[in-house]
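The structure appears right after this line, and notes come after that.
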Amino acid sequence: MIYPKQLRRDEYFSTPIWMADAPQLVKSLNKASDPYIKESKKALKKGIATRNKTYGNKGDMGNVFHSKSLIEDNKFKDLSLYILQTSENLLKEMGFSLDNHKLFITELWVQEFAKQGAGWHSTHTHWNGHISGFMFLKASDRTSLPTFHDPRTGNLMNLLPLKTTNVVKPGVHSVTYKPTPGRMIFFPSYLAHEYIPDMGYDPFRFIHWNVQAIPKGVLYKVKEFNE
């Protein structure tokens, strides 16, 4: 019996990651972010000093300076509108109908890793969201890297060793992206991601956001309740 030599391959259940570059926005967004990072550093200053006095001086090593919400700040309004419109386009590209939903940015903040290094994020997802993303404001080939992990837990249980990690194939279980100032990355919020430890060679700062599609019926009910 003669069997087919070539099989047709269909791929389903894939996870998209999108990128865009807007270096022209870096200067203004860094300027708008500076007061928030300064405020965060001030808030952590006492705790860092106590730690260094107790255990030995390591400067700000290991800290991540996290701003309060940027949603209400008009300096980030244009970025917010771009994020919302892009997120809508991407969700529709994935095949979703948003006729009965309205998109909201539920979280928007800026972070900067410690000057002395060892800033990092453990692997996590963003619950109750649909599109998440980053925009890098300060980064180089010597700073931390965002890494995304296979969201299919069933696949992770049965992984085989890869022949090579230098070529991206369907079998890979993680992918790392190189950040550059102005680079934006959008991804589904269910996608687990992390930041590998930063060595402190160069400044590392980025804006992070989460977008949620909320049913319009829920919004009407909330409005009626508040009225």
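The values are calculated or read from the model by the stated rules, or taken from the named source; none is laboratory data. As the structure is a prediction and not an experimental result, all values here were calculated from the model. Counting neighbours? That spans all protein chains shown, and the Cβs are built from the backbone with ideal geometry, glycine included.
Are any residues in region 165-189 under 30 Å from Leu79 (Cα atoms), of a type outside the set (S, T, N, Q) and not in a strand (DSSP E or B), and if so, which ones? Once the filter is applied, which keeps residues that are under 30 Å from Leu79 (Cα atoms), of a type outside the set (S, T, N, Q) and not in a strand (DSSP E or B), region 165-189 yields Tyr177, Lys178, Pro179, Pro181, Gly182. Among the residues making up region 93-128, those that are surrounded by fewer than 14 Cβ atoms within 10 Å (Cβ to Cβ), outside any loop (DSSP other than H, G, I, E, B) and hydroxyl-bearing (Ser, Thr, Tyr) are Ser122, Thr123. Here Tyr12 fulfils each of the conditions (1) part of a helix (DSSP H, G or I); (2) within 27 Å of Asn155 (Cα to Cα) apart from (1).
Residues in region 65-79 include none that are closer than 26 Å to Lys178 by Cα, surrounded by fewer than 13 Cβ atoms within 10 Å (Cβ to Cβ) and at pLDDT below 95.
Criterion applied to Ser132, Ser144 was being surrounded by 21 or more Cβ atoms within 10 Å (Cβ to Cβ), within 15 Å of the chain's Cα centre (by Cα) and in a strand (DSSP E or B), and the one residue passing it is Ser132. Would you check if there is a residue in region 204-220 being on the phi < 0 side of the Ramachandran plot, at pLDDT 95 or above and part of a loop (DSSP other than H, G, I, E, B)? Yes: one or more hits.
Each residue in region 1-26 was checked for being hydroxyl-bearing (Ser, Thr, Tyr) and surrounded by 10 or more Cβ atoms within 10 Å (Cβ to Cβ), and 1 pass.
Annotation: Asp150 fulfils all but one of (1) of a type outside the set (Ser, Thr, Tyr); (2) under 27 Å from Phe76 (Cβ atoms); (3) surrounded by 14 or more Cβ atoms within 10 Å (Cβ to Cβ); the unmet one is (2). Tell me yes or no: at least one residue of region 45-62 is touching a residue at least 60 places away in the same chain (Cβ under 8 Å), closer than 30 Å to Lys92 by Cα and in a loop (DSSP other than H, G, I, E, B). Among the residues of region 45-62, not one is touching a residue at least 60 places away in the same chain (Cβ under 8 Å), closer than 30 Å to Lys92 by Cα and in a loop (DSSP other than H, G, I, E, B), which makes the answer no. Only one entry in Asn166, Asn155 is of a type outside the set (Gly, Ala, Ser) and surrounded by fewer than 12 Cβ atoms within 10 Å (Cβ to Cβ), namely Asn166.
Beta carbons closer than 7 Å, at least 6 apart along the sequence or on distinct chains, pair a first residue in region 152-179 that is within 19 Å of Ala192 (Cα to Cα) and in contact (Cβ under 8 Å) with a residue 40 or more places away in the chain with a second that is loosely packed, with under 12 Cβ neighbours inside 10 Å and of a type outside the set (Lys, Arg) for Val175/Val168.
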